[in-house]
Amino acid sequence: MLPSRRVVVTGVGLVTPLGVGVEQSWRRLLAGETAVRRLPSLDGLPAQIAAPVPREGEGGFSLAGCGLAAPGDETSLSTFVQFALAAADEALVQARWSPETRAEQERTGVAIGSGIGGLSDIVEASDALRERGARRVSPFFIPRMLVNMAAGQVSIRAGLRGPSAAPATACATGAHALADGLGMIRSGEADVVVAGGAEACIEPLAVAGFARARALATSYNDAAAAPGASRPFDAERAGFVIGEGAAVMVLEEEGHARRRGATPLAELRAVGLSSDAHHITAPPDRLPGPGLDRISTPSGPTRLSRLPLPVISATSRLRLFSAHSRRTSHRLGSTTSRCRRTTSPRIESE
């Protein structure tokens, strides 16, 4: 561990149900807009609403303007990988980081995960095998559906030869990827890491499975009610709304960023990792033991109680949200099942 290696964010990229790009998503978010709507493809299921990424109109998704895309990607790459490419491209452009030398490439890593990966590809290949035989399974099936292909394709397209990670820890995947990136830089393995998550599983099988787990909001299937379904902080919350998209950040060692004239947008100070050792899906009624406040800081592992008050209070609010959100019909415990992530959002703007 290199204690002096502080980590900053120098680029951000988004593909969200509110539109493609940080500016589009942020503008619509501030305007109070929602992208939750009823989908005909989910008719007959317990939950018939979702938050898909728009494919047309203002902010609609397309690989046409993506600098990491190539002709034919729309058919050869799974949707979640396409989202990851677009988000990574935006983040790298904002960070003004395009490693040219072999040394720069080897010092730039990737940590992009996905909770499920190419589920639609699995469903389609299974149907093809059952109905038409093995020869009708696409040769692109395996490279389309693997969770690690988002990180792999970003690495290939951007020429990033440093360490690579592709966490798959359900709803904690994005935070997990940031933690992996933070660790790569802090340990000295990399100077820059492209980190984030991507998902695209608005698929009847996924909706059926989450509904069976009593995880989804199922009381808002009318088109008029759909926009009000996602309400994680409301007393009447009753599950989540399935969505899709990608979010990617360029994490960078502070000295490296300043030497090349990059603008730090924020600083990633600490990440915590622990397990509740309780149940595969159901979180415990009480937060167990002191292990949950163990986090990684620039000076090494520490406890929340030893951090400055602004960090403690911000982290406590996140943990309160985690505990608060579990008192719903969501039995999967988004950030608590197999791995609990607590990230400190202490921001130091430049």
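The values are calculated or read from the model by the stated rules, or taken from the named source; none is laboratory data. These figures come from a predicted structure and were not determined experimentally. Reconstructed Cβ throughout: ideal geometry from the backbone, glycine too, with neighbour counts over all protein chains shown. With ligands, DNA and RNA removed, areas are computed over all heavy atoms of the protein, side chains included. Shrake-Rupley method; radii C 1.70, N 1.55, O 1.52, S 1.80 Å.
Points to keep in mind about this one:
- Ranked by the mean number of other Cβ atoms within 10 Å of their residues, highest first, the peptides 244-250, 179-185, 4-10 fall in the order 244-250, 179-185, 4-10.
- Per atom type, the stretch 111-255 shows carbon and sulfur on 55% of its accessible surface, probed at 1.4 Å.
- Percent of beta bridges antiparallel (DSSP, the stretch 7-268, rounded to nearest 5): 70 percent
- With DNA, RNA and ligands ignored, accessible area of Asp276 (1.4 Å probe; Å², nearest 10): 20 Å²
- Charge dipole (debye, nearest 20) of the stretch 7-268; +1 at Cβ of Lys and Arg, -1 at Cβ of Asp and Glu: 300 debye
- Residues Glu253, Glu189, ordered by accessible area of protein heavy atoms at a 1.4 angstrom probe radius and largest first, appear as Glu189, Glu253.
- By the compact-protein rule of thumb, 2.2 N^0.38 Å, the alpha-carbon radius of gyration of the stretch 1-102 corresponds to a ratio of 1.33.
- R0 of 56 Å, Cβ-Cβ distance Leu30-Arg132: FRET efficiency to nearest 0.05: 0.70
- Taking a ≥ b ≥ c as the square roots of the Cα gyration tensor eigenvalues, the stretch 129-244 comes out oblate, since a/c reaches at least 1.5 and a/b does not exceed b/c.
- Taking the square roots of 5 times each eigenvalue of the Cα gyration tensor of the stretch 7-268, largest first, gives ellipsoid semi-axes of 32, 23, 16 Å.
- Here r is the Cβ-Cβ distance between Arg258 and Glu23 and R0 is 25 Å; the resulting FRET efficiency, rounded to 0.05, is 0.50.
- P(r) of the stretch 48-98 over all Cα-Cα pairs, binned every 5 Å from zero, in whole percent: 5, 17, 27, 24, 17, 8, 2, 1, 0
- Mean sequence separation of contacting Cα pairs (under 8 Å, at least six apart), scaled by the length of the stretch 7-268, corresponds to a relative contact order of 32 percent.
- Relative contact order of the stretch 1-68, pairs being alpha-carbon contacts under 8 Å that are 6 or more residues apart, as %: 29 percent
- Backbone phi angles across the stretch 113-125, fed through the Karplus curve with coefficients 6.51, -1.76 and 1.60 (θ = phi - 60°), yield HN-Hα couplings of x, 8, x, 10, x, x, 4, 4, 5, 5, 4, 5, 5 Hz in residue order; Gly and Pro are listed as x.
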